[in-house]
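Visitor: Got a structure here, written out as structure tokens. Questions coming.
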Amino acid sequence: MRDHFEIRDHDAAGRIGRLEVPRADVTVETPALLPVVNPNVLTVEPERLRTEFGAEMLITNSYIIRSTDRIRDRVLSEGLHDFLDFDGAIMTDSGSFQLAEYGDIDVTTAEILEFQRRIGSDVATPVDVPTPPDVDRDRAERELETTERALADAEAAETGEMLVNAPVQGSKYPDLREAAGRHAAGTDLDVFPVGAMVPLMNAYRYADVVEAVMAAKRGLDPDCPVHLFGAGHPMMLALAVAMGCDLFDSAAYALMARDGRYLTVSGTEHLEEMSYFPCSCPVCADHTPADLREGDDDRAERLLAEHNLHVTFEEIRRIKAAIRDGTLLELVDRRARGHPAMLDGYRALLDHADQLEATDPVSKDAFFYTSHEAARRPEVGRHHDRLAWLETPDDLLLTESKPPSSHDHDAVWRVKPPFGPFPRALSETYPLTAEVPERVDAAAQTAAAEGVRRLVEANPETAITLGHDGWAETALDRVPDRVAVDDLRDLGR
Ligand code: GUN
Ligand code: ZN
């Protein structure tokens, strides 16, 4: 049992939860976006992050504070919350990112945790090793051992009420990620960031991100709060939440603004090239792109950062609403249309439909079939698994059209792509109430044919006839030979 995290709602592997942060005396609703605050450059004042944007938690870097003479003593004497003027929860990172960038840092886990405790951090981080994606296995294993020693040092440290992160590394090796997840969940640490994702995300390698996170999740316990370190682009948040990530940190809003970039839920645009703002946040409502280009650069950077934060927090709220409604995978599907790399991420997610199925609610708002990827959603596989439980009579007609007025079968069941066969009595139950276009595609037909195959194999004694509405060859190939198959179009029905 994780004492500090409570899950309230589920959709796919995504969830709405509450993370209790005792040292800050606040409870943060997840999914939560933690803006990254550079202690040296406050692009947007932390107090405004809370009041205007709704940030309940932010993240800053204790290693930078410790290494910057100008601010270290002030932060030590005032405490982080007063220094930043922020009364929500504050997570601090440890310098691991600097370790990954520069190869060396001059601090141990024990020292940096003690420093984080002294400056008043609410969630601290040990010195994990963010192993990059494409290294050899020996290095990934060696560095993971170092990370696991850092977690042991963190468990041994005096941390009081402060929560402590247990980062999960393992590079691109799914078995290492899974073992790292299992090891982290076995510690008494509190929050579980999946690390070293930044190089993958910067290269738009979303399928690799999905494989690493899904592997880590297999090792972690379902009730572990999971942070996706370095993820904050609004385009990928729905995908990340659907995998079961709860916390995100965005430096993107500020870094991108510095380069004149404007974030949207389907990608990144350049202020230089924009004629219109497709957004109604306070910045976009009051300004045009030309306006921002003409003013001074600092003003443009600040306003872009504010827009970037508005779209990112808006997306977090949209994701929470989708979880409540049970439409999270439909949102992921829409976001997957923004960039081919996002589509790869979504397809990789659907390769793990079984893993999503474990927490996917059995009933929600109507399933919308709006892309052929939807044929691989967890609800379809779950229906196929359940077909084996259904009683069948000796002679069964499965038909995609209305039951014929006269026939000599013992029963007539409906067939509905992408699910396949089911008794009429189940017509009004989720997901069989699905809205499916009239022009069904081959992927839906093939998934339905798979349902037929599963039913046939579970009932070797039953004589089965299938009436289909012009199914593609690829779908019909999947129907076992012993099924009598009629094309309803040829029969004029
Ligand atoms: N920030 C982005 N990635 C990482 C990571 O892997 N570890 C830590 N500690 N911070 C990060
Ligand atoms: Zn805007």
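Visitor: With runs of 4+ DSSP H residues as the only contributors, calculate the mean residue ellipticity of the chain at 222 nm using -39,500 (n - 2.57) per run, divided by the residue total and rounded to the nearest 500.
Guide: -12500 deg cm²/dmol
Visitor: For a Förster distance of 60 Å, can you work out the FRET efficiency between the beta-carbons of THR268 and ASP408, rounded to the nearest 0.05?
Guide: Calculated value: 0.45.
Visitor: Nearest 0.05, what FRET efficiency do GLU294 and ARG18 give at R0 = 56 Å with Cβ-Cβ as r?
Guide: Working from the Cβ atoms, E equals 0.80.
Visitor: In addition: Can you give me the long-range amide H partners of THR264? Hydrogens built in the peptide plane at 1.01 Å from N, cutoff under 5 Å, separation of 5 or more residues or another chain.
Guide: Hits under the 5 Å cutoff: GLU269.
Visitor: Which Rg and Dmax, in Å, describe the Cα atoms of the range 141-266?
Guide: When restricted to the Cα atoms of the range 141-266, Rg and Dmax are 15.0, 45 Å.
Visitor: Sticking with this one: Using the Cα centre as the reference, give the magnitude of the dipole from point charges on the C-beta atoms of the chain (Lys, Arg: +1; Asp, Glu: -1; all else neutral), rounded to the nearest 20 debye.
Guide: Dipole of the chain, to the nearest 20 debye: 720 debye.
Visitor: Please calculate how many Å² of accessible area the chain carries per residue, with a 1.4 Å probe and no DNA, RNA or ligand atoms counted.
Guide: 42
Visitor: Taking N as the number of residues in the chain, what value does Rg over Cα atoms divided by 2.2 N^0.38 Å take?
Guide: Output field value: 1.12.
Visitor: State, in angstrom, two size descriptors of the range 299-365 derived from its alpha carbons: Rg to one decimal place and Dmax to the nearest whole number.
Guide: Values for the range 299-365 (Cα only, Rg and Dmax): 15.1, 49 Å.
Visitor: If you don't mind, there's one more thing I want to ask. What translational diffusion coefficient, in µm²/s and rounded to a whole number, does the Stokes-Einstein relation yield for the range 116-179 at 37 °C and a viscosity of 0.692 mPa s, taking the hydrodynamic radius as the Kirkwood radius over Cα pairs?
Guide: 261
Visitor: Another question, then. With every protein chain left in place and a probe of 1.4 Å, what is the accessible surface of GLU20, to the nearest 10 Å²?
Guide: Counting only protein heavy atoms, the figure is 90 Å².
Visitor: Could you give the Stokes-Einstein D for the range 411-478 in µm² per second, using the C-alpha Kirkwood radius, 37 °C, 0.692 mPa s?
Guide: Result for D is 265 µm²/s.
Visitor: Shifting gears a bit: How fast does the range 349-431 diffuse by Stokes-Einstein, in µm²/s, taking the Kirkwood radius from C-alpha pairs at 37 °C and 0.692 mPa s?
Guide: The estimated diffusion coefficient comes to 232 µm²/s.
Visitor: Let me ask you something else. What FRET efficiency do you get for GLU161 and GLU78 if R0 is 22 Å and r is their Cβ-Cβ distance, rounded to the nearest 0.05?
Guide: Taking R0 as 22 Å, the efficiency between GLU161 and GLU78 is 0.70.
Visitor: Regarding the range 26-68, what are the three Cα extents along the principal axes, ordered largest first, in Å?
Guide: Extents along the principal axes: 32, 18, 15 Å.
Visitor: Also, I was wondering about something else. For the range 345-360, in order, what is each residue's ³J(HN,Hα) by Karplus, 6.51 cos²θ - 1.76 cosθ + 1.60 with θ = phi - 60°, in whole Hz (x at glycine and Pro)?
Guide: My calculation for the range 345-360 gives x, 5, 5, 5, 4, 5, 4, 10, 4, 4, 5, 6, 4, 4, 10, 6 Hz in order.
Visitor: A follow-up question, please. In nanometres, what is the gap between the two model label sites at ARG218 and ASP175, each 7 Å from Cα along Cα-to-Cβ?
Guide: About 1.1 nm separates the two model spin labels.
Visitor: Hey, what did the chain get for relative contact order, percent, Cα under 8 Å, at least 6 apart?
Guide: 12
Visitor: Check the straight Cα-Cα distances from LYS402 and name the lysines below 25 Å, setting aside those fewer than 8 residues away within the same chain.
Guide: Reachable lysines: LYS416.
The values are calculated or read from the model by the stated rules, or taken from the named source; none is laboratory data. For clarity, every value in this text was computed on a predicted model and none was experimentally measured. Note that each Cβ is placed from the backbone with ideal geometry, even for glycine, and that neighbours are counted across all protein chains shown. The accessibility values were calculated without ligands, DNA or RNA, using every heavy atom of the protein model including side chains. Shrake-Rupley method; radii C 1.70, N 1.55, O 1.52, S 1.80 Å.
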